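Where a number appears in this text, it was derived from the coordinates with a stated rule and is not lab data. If you're wondering where the values come from, they're calculated on a predicted model, not measured in any experiment. Virtual Cβ from ideal backbone geometry, glycine too; neighbours counted across all protein chains shown.
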Amino acid sequence: MKALINTINTFALPIVFINNFGVIAGGIWLLILGEGDIIIPGLVILILGYVLLLWIFTIRLIFVMPSTYFIEKNNQTAGMFFGFMNVLFTIAVIVVWCVIVLFYFLKLAGYGSFYPTILWSYCIAASPISYLAYKDLQGGNEAAMILTFFAELSYLIIILGFVLFGMTITSVWILFSSFMLIGLIIQLIITGSNN
């Protein structure tokens with residue numbers, strides 16, 4: 001278990017660097033290219049995305065409250081079911097958010113601005129998720145960062161796929177969902193071993 005957590009932490013370090021460096025590099029690169037029409041919507045989406053995701057994630061209470069109730073009543077099966085539904089809902093929201101942001105910015109990207117635009121899109125998609133997961137972590141949810149890590153890793157791998165091979169909409173959905181399900185399994189393993 002410790003080895004799994006150490007592996008995730010090892011991969012998380014470069015992702016944190018890309019999160020911090022990518023927004024600056026992508027933004028400056030787009031400014032140099034004169035692509036303000038990509039930067040401004042990105043900043044608007046970043047701010048509105050945070051508010052939207054915060055609001056959508058409050059809907060999870062329909063799963064969290066029954067899960068807590070059943071666990072307190074020693075009905076572990078029902079509690080785990082609602083807890084699992086909570087995580088599935090979270091994964092669905094993250095996948096939909098990231099794929100929508102990705103394809104929105106891909107439509108804006110021109111031939112000369114593809115690389116900075118796709119880097120910018122990663123930062124716009126990842127930042128609200130990372131911030132909300134960090135707040136969740138501060139509130140005591142230690143597993144919050146696992147799904148965030150897999151969302152960011154998925155996005156970066158999909159970017160690499162676009163650069164190297166080109167990808168279809170279907171392959172993006174499948175790849176992103178697959179990585180998030182791997183994240184779900186790892187989250188269940190880690191949280192299960194902590195209980």
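Karplus-based coupling profile of segment 148-156, in residue order and whole Hz: 5, 4, 5, 5, 5, 4, 4, 4, 5, with θ = phi - 60° in 6.51 cos²θ - 1.76 cosθ + 1.60 and x standing for Gly or Pro. Relative contact order for segment 1-145: 30 percent, from Cα pairs under 8 Å spaced at least 6 residues apart, divided by residue count.
Paramagnetic label reach from Leu188 (point 7 Å along Cα→Cβ; backbone nitrogen cut-off under 11 Å): within segment 50-86, residues 81, 84-85.
You can think of it this way: the chain between Ile28 and Val44 has 4.1 nm of extra reach, that is 0.36 nm per residue less the Cα-Cα gap. The gain in end-to-end length when the Met80 to Asn141 segment is fully stretched comes to 20.4 nm, 0.36 nm per residue minus the alpha carbon separation.
Derived scalar couplings between HN and Hα for segment 51-63 equal 5, 4, 5, 4, 5, 5, 5, 5, 4, 4, 4, 5, 9 Hz in order, rounded to whole Hz, by the Karplus curve 6.51 cos²θ - 1.76 cosθ + 1.60 (θ = phi - 60°), x for Gly and Pro.
Structural size metrics of segment 118-160, computed from C-alpha coordinates, are Rg and Dmax of 10.9, 34 Å.
On full extension, the segment bounded by Val64 and Ile169 gains 34.6 nm, given 0.36 nm per residue less the C-alpha separation.
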